[in-house]
Amino acid sequence: MKRQKRFEKLEKRPVHLDGFVKRWDDEGLVAMMGKNDPKPSIKIENGVVTELDGKTQDEFDLIDQYIAKYGINLENAEKVMNMDSLKLANMLCDPNVPRSEIVQLTTAMTPAKAEEVISKLNFAEMIMATQKMRPRRTPATQCHITNTLDNPVELAADAAEAARRGFPEQETTTAVARYAPMNAISIMVGSQTGRPGVITQCSVEEADELSLGMRGFTAYAETISVYGTDRVFTDGDDTPWSKGFLASCYASRGLKMRFTSGAGSEVMMGYTEGKSMLYLEARCIFITKASGVQGLQNGGVSCIGIPGAVAGGIREVLGENLLCMMLDIECASGNDQAFSHSDIRRTERLLGQFIAGTDYISSGYAAEENKDNTFAGSNMDVLDYDDYVTMERDLAVNGGIYPIEEDEAIMIRNKAAKAIQAVFESLGLPPITDEEVEAATYASNSDDMPKRDMVQDMKAAQDLMARGITVVDIIKALDEHGFDDVADAVTHLAQQKVCGDYLQTSAIFDGNWNCISAINDTNDYKGPGTGYRVWEDEETWNKIQDVPWALDPKKTDF
């Protein structure tokens, strides 16, 4: 068939490499308000929920039971369920209705009611509501620190640079699981070198992750997954109760933690019960609330390609972030997993959370090149830094990342590489050479690094655990080699787990160890002229404005 030439060219655009699918309700391939989603309902008898979203008590599955018992503010539930959902949607956008007032209503909804309210909002209205509903006044973002070789020197250097660029939380994982202890130590030392107060985690199997935290190698966790159908839960040998128990294990040991969920996981597992993505995600968010967990990582996350394939899917993703905030939970709002070959779509995916501001705009911006991202690649990576900070500058938005000068990056990367070299020496780990320190100082990815003996590193990582090494040994090693400031920062981090301040919703630390959370930095947005305004935060706005590539009239000869 003879082709129209413009259509031939369009078909070669990157967007056509992405996957798309037409609506299929019975398999859950629908963003929200699917034909099989239940109608909102609740009945309460003697303080007990006897009907929830069309199911009577004898029909409740495990998730229904858990939400009915722990997840709903029953005091206001019947009142809210009788309110018009459109009116509630209007209240979310209305700056005259304070966040503190509407949270008393949104936490009393059922999952189906919450979905119905969200469905009344268009994308712009969701941005307006998110700006008001995020728990913490000041937005921030989070990053990944990984590399495909699990190279500890590169991890430390990248963590230090990322800390200088503004990330208050950093997450690593492994290419080889047995590397976990050394990866966790490397980013902890690197991040504290870059800026005291950054908290770090290592995403591995849950028992190992908890063990790393108890030894003081990590300060938080967020890869504790919850799901919207019983079948997916039980396939993973879990229930809402087992996840709630695990959450209490972390909190009782002074470790911050979030659950993880997100549209598309039930579709990927093949057990959607014919329900829409937003309805199933609403159940996940209510499970999180019911467990008393301070936060949730959601917004498609590792399954983002699935909502990204259906009509209105990116709107649904912002909607599930908003719903998390409506339940008064800190939100790490996705923007992590790569999902599109199109640069335009990558930016589109980010814009809602970026413009509105969330507790963590990304739950994993790649602070390495994506080729080194063992989380399978992020929506944006280090090679997007300059575009990202320019967007912040253009729109006068605090997206949580700041430009730094090249000489500052070189200095801090070198210091972090030397610090982890000292730790390895003191702990009797395979030595880090001066050549590796030099390479990590100037490296962009793991191809720029000398190869290490990975077999010996893996053996050493396991031996490190067998020897009972803890954060105290890390502190001693840093102190013995003259890294007093880094040792002091790691000590403060360990002390914070005893203090427990950062177990509050949306908690982060600034560079002076001040804990900033929804408790002492409550979102006070009430319309124009209120809430967080980056240009009123002079120090931050000056950092964002001062991009190194902008001409300075005071220094340029025109």
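State whether the stretch 30-94 is rounded, prolate or oblate according to the following rule on the C-alpha gyration tensor (a ≥ b ≥ c being the square roots of its eigenvalues): a/c under 1.5 gives rounded; otherwise a/b larger than b/c gives prolate, and the remaining case gives oblate. Verdict is oblate for the stretch 30-94. Measuring r between the beta carbons of THR148 and THR530 and using R0 = 60 Å, the FRET efficiency lands at 0.85.
Shown for the chain: cysteine residues without a partner Cβ closer than 4.7 Å, namely CYS93, CYS143, CYS202, CYS249, CYS284, CYS303, CYS499, CYS515. Each principal axis of the Cα atoms in the stretch 255-338 has its own extent, and those three values, largest first, are 34, 26, 21 angstrom. Over the chain, Cα pairs under 8 Å with separation of 6+ residues give a relative contact order of 21 percent.
Considering only alpha-carbon pairs that sit under 8 angstrom and 6 or more positions apart, the relative contact order computed for the stretch 506-558 is 15 percent.
Subtracting the Cα-Cα distance of MET269 and ASN512 from their residue separation scaled by 0.36 nm leaves 83.1 nm. Under the convention that each Lys and Arg Cβ holds +1 and each Asp and Glu Cβ holds -1, the size of the dipole of the chain around its Cα centre is about 1520 debye.
Could you work out the relative contact order of the stretch 94-198? I mean the mean sequence separation of Cα pairs under 8 Å and 6+ apart, divided by the number of residues, in percent. Worked out over the stretch 94-198, it gives 25 percent.
When you have a sec, figure out the Kirkwood radius of the stretch 335-417 from all distinct Cα pair distances and drop it here in Å to one decimal? About 13.7 Å for the stretch 335-417. Based on the Stokes-Einstein relation at 25 °C and a viscosity of 0.890 mPa s, and on the Kirkwood radius from alpha carbon pairs, the stretch 165-257 is assigned a translational diffusion coefficient of 175 µm²/s.
Estimated from helices alone, the mean residue ellipticity of the chain at 222 nm is -13500 deg cm²/dmol (sum of -39500 (n - 2.57) over DSSP H runs with n ≥ 4, per residue).
Given their separation in residues at 0.36 nm each and the Cα-Cα distance between them, ASP26 and VAL455 gain 149.6 nm when the chain is fully extended.
Label positions at GLU538 and LYS39, each projected 7 Å from the Cα along the C-beta direction, are separated by 5.9 nm. A straight chain from ASP94 to HIS16 at 0.36 nm per residue would run longer than the Cα-Cα distance by 24.2 nm. From the square roots a ≥ b ≥ c of the eigenvalues of the alpha-carbon gyration tensor of the stretch 382-524, which class results: rounded (a/c under 1.5), prolate (a/b over b/c), or oblate? Cα axes put the stretch 382-524 in the oblate bin. Name the shape class, rounded, prolate or oblate, that the alpha-carbon gyration tensor gives for the stretch 449-558, where a ≥ b ≥ c are the square roots of its eigenvalues, rounded holds for a/c under 1.5, and otherwise prolate holds if a/b is larger than b/c and oblate otherwise. Oblate is the answer for the stretch 449-558, as a/c is 1.5 or above yet b/c matches or exceeds a/b. With each label point set 7 Å from Cα along the Cα-Cβ vector, what nm distance links ASP394 and SER242? Here the answer is 4.7 nm between the modelled labels. Both radii are taken from the alpha-carbon atoms of the stretch 188-335; with Rh as the Kirkwood radius, Rg/Rh is 0.99.
Projecting the alpha carbon convex hull of the stretch 501-558 along each direction and taking the average yields 6.4 nm². The modelled label-to-label distance between MET83 and SER252, using points 7 Å beyond Cα along the C-beta direction, is 3.7 nm.
At the listed q of 0.06, 0.08, 0.12, 0.13 Å⁻¹, the Debye profile of the chain, built from one uniform point per Cα, gives log10 I(q)/I(0) equal to -0.29, -0.52, -1.14, -1.30. A Förster radius of 45 Å, combined with the Cβ-Cβ distance separating LYS476 from ASP552, puts the computed FRET efficiency at roughly 0.50.
The trypsin sites (Lys or Arg not before Pro) of the stretch 519-558 that meet both conditions, a loop assignment by DSSP and at most 12 other Cβ atoms within 10 Å of the site Cβ, are LYS554, LYS555. For the stretch 1-140, the Kirkwood hydrodynamic radius comes to 18.1 Å, computed from all pairs of different C-alpha atoms. Using Cα centres only, tell me the gap between the stretch 13-35 and the stretch 116-185 in whole Å. Using only Cα atoms, the two centres lie 27 Å from each other. To the nearest 0.05, what FRET efficiency results for LYS2 and LEU383 with a Förster distance of 35 Å applied to their C-beta separation? Computed FRET efficiency for LYS2 and LEU383: 0.30.
In the stretch 248-376, taking the dipole from charged Cβ atoms about the Cα centre, the farthest positive-side position among LEU280, VAL267, GLY308 is held by LEU280. If you take the Cα centroid of the stretch 343-422 and the Cα centroid of the stretch 202-261, the two points sit 26 Å apart.
Stokes-Einstein diffusion of the stretch 122-223 at 25 °C, 0.890 mPa s viscosity, Kirkwood radius from Cα pairs, rounded to a whole number: 171 µm²/s.
Bear in mind these aren't lab numbers, they're just calculated from the coordinates by the rules spelled out. Since the structure is predicted, the reported quantities are computational estimates derived from the model, not experimental observations. Please note: Cβ atoms are built from the backbone with ideal geometry, for glycine as well, and neighbour counts cover all protein chains shown.
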